[in-house]
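Each remark here refers to the structure printed beneath this line.
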Amino acid sequence: MLKLGTPFHLLHSLKQRFLSSCHSLTTIIQPSPATPLPVEEDFAVAKLILESDTQSLPETLQRTTFQWNPNLVDKVLKHLWNHGPKALQFFKYLERHPTYTHASSSFDYTIDIAARMRDYKSVWTLVARMRACHVGPSPRTFAIITERYVAAGKADRAVKIFLSMHKHGCRQDLNSFNTILDVLCKSKRVEMAYNLFKVFRGRFKADRISYNIIANGWCLIKRTPKALEVMKEMVERGLSPTLTTYNILLKGYFRTGQLKEAWDFFSEMKKRKCDIDVVTYTTMVHGFGVSGEIQKARKVFDQMVREGVLPSVATYNALIQVLCKKDSVDNAILVFEEMVRKGYVPNSVTYNVIIRGLCHTGDMQRAMEFMVRMEEEDDCQPNVQTYNVIIRYLCDAGEIEKGLDMLEKMRNRSCLPNLDTYNILISDLFVRKKSGDLVVAGKLLMEMIDRGFLPRKFTFNRVLNGLLLTGNQDFAKEILRSQSRCGRIPRHLKI
DNA sequence: CACCGCCGTT
């Protein structure tokens, strides 16, 4: 049995080992009937869906005997995250399944995917269906929807949606109020959030979290003085700031480059006997580090250990990142090895930071080694960000073929490229412009649109013009034709 | 997916 005082990072690593050991157990106890899949079913399903074309997909799925359950369906949807149309098709296929009914979480995932493609028609159809099935919509559903509207530049619409939630069978409360404030703030629509806050803080009985959200918003747009005002207001209304409030302000000072103020604030926190936590220290390490104050960053790191506050993986990540940027990758790797020695399990952030650092110094060889290591030693599959870093640096070094190989590797590892991946490759193909490059760019463009991404107008026009100028009229027409079939295309793509 | 820390520059 684990003792109560077991450090969290050790628990985590034990948990990771435990989970990987009981994986095989699960398959023994619950074998999936007609599909003898030694590996995770979710990977197998996602692979099957990605490999079959749109027409034959229903038939293909019909022939299988997967035992659908919400957990499996959610995982499959996650795998299809960067292939919206397939995700939607899969979800809709199961809606017609004779016995299976979707869980609330699967609806939420699918709504998120549809909203990201700006397919609002599907979004609201799904909301209505959710309601009909009595599985929502929940406050979480509305968090997702409003976030996507704000991200698409429709903040006003998002607020209206929040105000009319109850008409969709989901009542507003303090939690959902805080959610919409946070959504607006995180998208830098802080003025709007603050106005909404002032109008409704009475009705929803704004709490400390509401104030923290607004204060954080001001900090995000580098208006720390406004954040301080919010804190004052908070006190005036009888709500005492929390440690989170102080951590928000501390980060705010670093954002505006006010190192002295940050240091003074930190000292004040200590003097007032706030129980300074790992977040406070991580903020300090990162803040000083990005300003190039590596000595101070290290000092704070050592200090936290002395004061008995255990660094987290995030703290190490902060230190490693700033060392990569402002010191040297070699020193960063020393810290990396140290954290491993102490029993921490590096995560994808850790690895991506190191890999980026190595790429930046031109050491692609070692970068690749870390990519292998993350998987083999820490059961941490390279994710799309990992691949994007590698692809970017390969292409920047003029090795576009290697970049395209890496894209191929992603496909084999069932890691789907995202918008960044496509943008990186297409724009680098345009920098090189070797014969054939434009056709490759055209193919990538077609593929990304197929997968529900909206290329920027600039990208789209550049590729089409490029093809037209190099005598690829037929291919240009093909791109246009194939896109006009898919119905849901943004206005600028319709010509 | 109700608040704070760790992958960013198209």
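The values are calculated or read from the model by the stated rules, or taken from the named source; none is laboratory data. These numbers come from a predicted model, not from an experiment. A quick note on method: Cβ atoms are made from the backbone with ideal geometry, for glycine too, and the neighbour counts reach across all protein chains shown. Heavy atoms of the whole protein, side chains included, go into the accessibility calculation; ligands, DNA and RNA do not. Shrake-Rupley method; radii C 1.70, N 1.55, O 1.52, S 1.80 Å.
Over chain A, DSSP H runs of length four or greater, each weighted -39,500 (n - 2.57), average out per residue to a 222 nm ellipticity of -22500 deg cm²/dmol.
Relative to the compact globular guide of 2.2 N^0.38 Å, what is the alpha carbon radius of gyration of segment A:170-237, as a ratio? It would help to have the intermediate numbers written out before the result.
On the way: Rg = 11.0 Å, N = 68, 2.2 N^0.38 = 10.9 Å.
Normalised Cα radius of gyration, segment A:170-237: 1.01.
Rolling a 1.4 angstrom probe over the protein heavy atoms, how many square angstrom per residue are accessible across segment A:345-417?
46 Å²
All other residues whose Cβ lies under 10 angstrom from that of A:Ile294 are scored, Lys and Arg at +1 and Asp and Glu at -1, for a net of +3. Taking packing as the residue-averaged number of other Cβ atoms within 10 angstrom, the listed peptides A:233-242, A:423-432 run from highest to lowest as A:423-432, A:233-242. Under the criterion of Cα pairs below 8 Å and six or more residues apart, the relative contact order for chain A equals 9 percent. Taking the 1.4 Å solvent-accessible surface of segment A:35-136 as the whole, the part contributed by carbon and sulfur is 55%. Surface composition of segment A:345-417: carbon and sulfur atoms hold 46% of the protein heavy-atom accessible area at a 1.4 Å probe.
The string of couplings for segment A:44-59 from the Karplus curve (6.51, -1.76, 1.60, θ = phi - 60°) is 4, 5, 4, 4, 4, 5, 5, 8, 8, 7, 3, 5, 8, 4, x, 4 Hz, one whole number per residue in order, with x for Gly and Pro.
Ignoring lysines fewer than eight residues from A:Lys271 along the same chain, the ones with Cα atoms less than 25 angstrom from its Cα are A:Lys226, A:Lys232, A:Lys251, A:Lys260, A:Lys296, A:Lys299.
Using a 1.4 angstrom probe, figure out how much accessible area segment A:271-338 has per residue, in square angstrom, rounded to the nearest whole.
Details: 3280 Å² over 68 residues.
With all protein chains present, segment A:271-338 gives 48 Å² per residue.
Straight-line reach from A:Lys47: taking Cα to Cα under 25 Å and skipping same-chain neighbours fewer than 8 places apart, the lysines in range are A:Lys75, A:Lys78, A:Lys86, A:Lys92, A:Lys402, A:Lys409, A:Lys443.
How would you classify segment A:345-417 from its alpha-carbon gyration tensor, with a ≥ b ≥ c the square roots of the eigenvalues: rounded for a/c under 1.5, else prolate if a/b is greater than b/c, otherwise oblate? Spell out each step's value before the answer.
Working: a/c = 2.04, a/b = 1.21, b/c = 1.68.
The shape class here is oblate.
Note on chain A: Cα Rg divided by 2.2 N^0.38 Å, N the number of residues, gives 1.08. Measuring how big segment A:35-136 is from its alpha-carbon positions, Rg and Dmax come out at 13.1, 39 Å.
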